[in-house]
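The values are calculated or read from the model by the stated rules, or taken from the named source; none is laboratory data. Note that this is a predicted model, so its numbers are computed, not measured. FYI the Cβ positions are ideal-geometry reconstructions off the backbone, even for glycines, and counts take in every protein chain you see. What goes into the accessible areas is simple: the full protein's heavy atoms, side chains included, and nothing from ligands, DNA or RNA. Shrake-Rupley method; radii C 1.70, N 1.55, O 1.52, S 1.80 Å.
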Amino acid sequence: MKGGVIFDEVLNAYIPIVHTWDNIDCTGEPKEWRAEKTFSNEDDAMNYYKINIRPKLQKFMSNMEKDVSKTKMKYKKLE
């Protein structure tokens, strides 16, 4: 999983997003999830991601790794 923000030219707004892959190397086309909330600037969108989305992703990945012993996870904070 990788998260961050993207600028949507149609909406003329920044949107927090999460990309997921079906492999540990994050290769191929990802599935994209977009937050319903939009922002007029990138900083506000990123702050929303950091406060509201990233902690939930970290907890989800940690729980998933503990619950399924065959699951391989790679987590890297890009900042």
Pair list, Cβ < 8 Å and 6+ apart or interchain, from the range 47-61 residues that are farther than 9 Å from PRO16 by Cβ and touching a residue at least 60 places away in the same chain (Cβ under 8 Å) to residues that are of a type outside the set (D, E, K, R) and in a helix (DSSP H, G or I): none
Filter result for TYR49 (hydroxyl-bearing (Ser, Thr, Tyr), modelled with pLDDT of 90 or more and either in contact with a Pro (Cβ under 7 Å, 6 or more places away or on another chain) or not in a strand (DSSP E or B) (or both)): yes
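Give me a count of the residues in the range 29-46 that are part of a loop (DSSP other than H, G, I, E, B) and either among the charged types (D, E, K, R) or within 13 Å of VAL18 (Cβ to Cβ) (or both).
5
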Test set (1) open to solvent by 60 Å² or more (accessible area, probe 1.4 Å); (2) β-branched (Val, Ile, Thr); (3) touching a residue at least 12 places away in the same chain (Cβ under 8 Å) - ILE15 fails condition number: (1)
